[in-house]
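Comments concern the structure below.
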Amino acid sequence: MTDSHPHGSSAPTREFVIPGGDNTVQYFGHEAVEAEREQVSAVVEQWDRARASEKWGLDCTYMTHAYIDNMVTDAESASKGKATSCVEALVFFGVVASGVEEVTTTGPIDSLRVSGRKGYAQYHGRDAHDWIVPVEEEGGVWKVGVSAPIEREANGG
């Protein structure tokens, strides 16, 4: 492949590599084929809109079962048994769980690094912020593995 980086990143993920930074995501697996990237992009964009508009029931439909189980377990413990569902957990944790209260996507994702059924969607968002969203294929459908996008810091964080 002519667009490969010596350490395994290729276009389009090369745009996200930070020299001297933590590039674990950029070197994870391989760049997905366009059709797979389009599928994940649709999920990430819809999830991002639901999350930003606090449509918690819809938001939860885009998350993996494993992530929901962990979040609900944490919420149930922290709320002393009051938050026992995905929606209740998101309401209980609020912005701590859902992140910024605005849509971070500006269009399709730019990169999807995959290995097996796991991957990382990467995209350039508003105001020159880059974002990462862990994803996982669950029952033939791609789902999001977080409740908020992870901002990629210029310092490699």
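Quick rundown of the values:
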{"quantity": "Dipole of the stretch 33-152 [Lys/Arg +1, Asp/Glu -1 at C-beta], most positive-end residue of SER79, GLY57, ALA128", "calculated": "SER79"}
{"quantity": "Set of lysines near LYS82 by C-alpha distance (under 22 Å), chain-local residues within fewer than 8 positions excluded", "calculated": "LYS55"}
{"quantity": "The stretch 91-157-the stretch 17-90 distance, computed between alpha-carbon centres (Å)", "calculated": "7"}
{"quantity": "Dipole of the stretch 12-157 [Lys/Arg +1, Asp/Glu -1 at C-beta], most positive-end residue of PRO19, VAL95, HIS30", "calculated": "VAL95"}
{"quantity": "Using alpha-carbon coordinates, inclination of helix 34-52 to the longest axis of the chain, degrees", "calculated": "40"}
{"quantity": "Sites ILE150 and SER115, calculated FRET efficiency, Cβ-Cβ separation with R0 25 Å, nearest 0.05", "calculated": "0.90"}
{"quantity": "Structure-based [θ]222 nm, the chain - -39500 (n - 2.57) summed over DSSP H runs of at least 4, per residue, nearest 500", "calculated": "-9500 deg cm²/dmol"}
{"quantity": "Residue with peak Gaussian network fluctuation, the chain [Cα springs, cutoff 10 Å], from ALA50, ALA66, ALA32", "calculated": "ALA66"}
{"quantity": "Cα centre as origin, Lys/Arg/Asp/Glu Cβ charges: the chain dipole, Debye", "calculated": "240"}
{"quantity": "Segment VAL33-SER79, length gained on full extension (0.36 nm per residue, minus Cα span)", "calculated": "12.3 nm"}
{"quantity": "Within-12-Å neighbourhood charge of THR84 [Cβ basis; K, R +1; D, E -1]", "calculated": "-2"}
{"quantity": "Percent of beta bridges antiparallel (DSSP, the chain, rounded to nearest 5)", "calculated": "95"}
{"quantity": "Net lengthening on full extension, GLU88/VAL141 (0.36 nm per residue, minus Cα-Cα)", "calculated": "16.7 nm"}
{"quantity": "Amide proton proximity set for HIS129, modelled H, under 5 Å, gap of 5+", "calculated": "none"}
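Bear in mind these aren't lab numbers, they're just calculated from the coordinates by the rules spelled out. Everything quoted here is computed from the prediction, not taken from an experiment. Glycine also receives a Cβ, built like all others from the backbone with ideal geometry; neighbour counts cover every protein chain displayed.
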